[in-house]
Amino acid sequence: MKTGLIVAGAIPTVTIVLLVIMVIVIAITVALYFFGKKMQDRQAEQEAQMEQVAQWVNLLVIDKKKMKLKEAGLPKEVYENTPWYGKRQKVPVVKVKVGPKVMTLLCDGTVFDEIPVKKEVKAKVSGLYITAFKGAHGKLEIEKKPEKGIKGWAKRKYASLKGQLDEEKASDKKGKK
């Protein structure tokens, strides 16, 4: 006689395992959402603080590299105050001359690729961190490096084929005249 209770063998083991995995994945997703939102708020607060103390400075860029924080030659307080997960990462570092003094500054990743080497720039500096720059004397010509990977190859291939097609069209027009 059945009483309506679920017998232990009635639900397949695979279904139970999949339900447990699904609950764990949902819990992790929710936790990451709230953690990401909290980190986003912190970042916005830090950017606002950096914007308040930022100032424009004339710099002569000597060199730029991506290197580990310990090898960058920054003050040891910077290394000590960095979280453990950030100490092993490579950071964009720019060696500059400010007046008579040569300094090592950290740089925003979005700005790092565009900063010209051995040129004078006017940079927005907040402590030891470069957040933006512009040419100190007129406009700067920024060299674009070719993209790497499949996307870069496809763009280069497209440009070369388009150039060949344009040349063929131009030669056809000259031949018809």
Fill in the blank from the handout: By residue number, the members of segment 104-116 that are in contact (Cβ under 8 Å) with a residue 12 or more places away in the chain and either outside any loop (DSSP other than H, G, I, E, B) or outside the structural domain of residue 130 (by TED's automatic domain parsing) (or both) are 104, 105, 106, 107, 109, 111, 112
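Does residue 44 satisfy the condition of being over 23 Å from the mean Cα position of the chain (by Cα), among the hydrophobic types (A, V, I, L, M, F, W, C) and over 21 Å from residue 105 (Cβ atoms)? Working first, answer last.
Numbers: over 23 Å from the mean Cα position of the chain (by Cα): no; among the hydrophobic types (A, V, I, L, M, F, W, C): yes; over 21 Å from residue 105 (Cβ atoms): yes.
No.
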Exercise for the section: Kindly list, by first and then second residue, each pair from a residue in segment 75-102 that is at negative phi to a residue that is exposed (fewer than 14 other Cβ atoms within 10 Å of the Cβ) and β-branched (Val, Ile, Thr), limited to pairs with Cβ atoms under 8 Å and residues at least 6 apart or on different chains. Expected result: 95/102; 96/102
Completion exercise
Filtering segment 36-59 down to residues that are surrounded by fewer than 11 Cβ atoms within 10 Å (Cβ to Cβ), of a type in the set (A, V, I, L, M, F, W, C) and within 16 Å of residue 127 (Cα to Cα) yields 48, 53
Handout entry: Unique residue being in contact with a Gly (Cβ under 9 Å, 6 or more places away or on another chain) and at pLDDT 85 or above when the list is 81, 58
Key = 58
Handout entry: Hey, residue 44 within 28 Å of residue 134 (Cβ to Cβ), in a helix (DSSP H, G or I) and not assigned by TED's automatic domain parsing to the domain that holds residue 117 or not
Key = yes
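The values are calculated or read from the model by the stated rules, or taken from the named source; none is laboratory data. Note that this is a predicted model, so its numbers are computed, not measured. Positions of Cβ are backbone-derived with ideal geometry, glycine not excepted, and every protein chain shown enters the neighbour counts.
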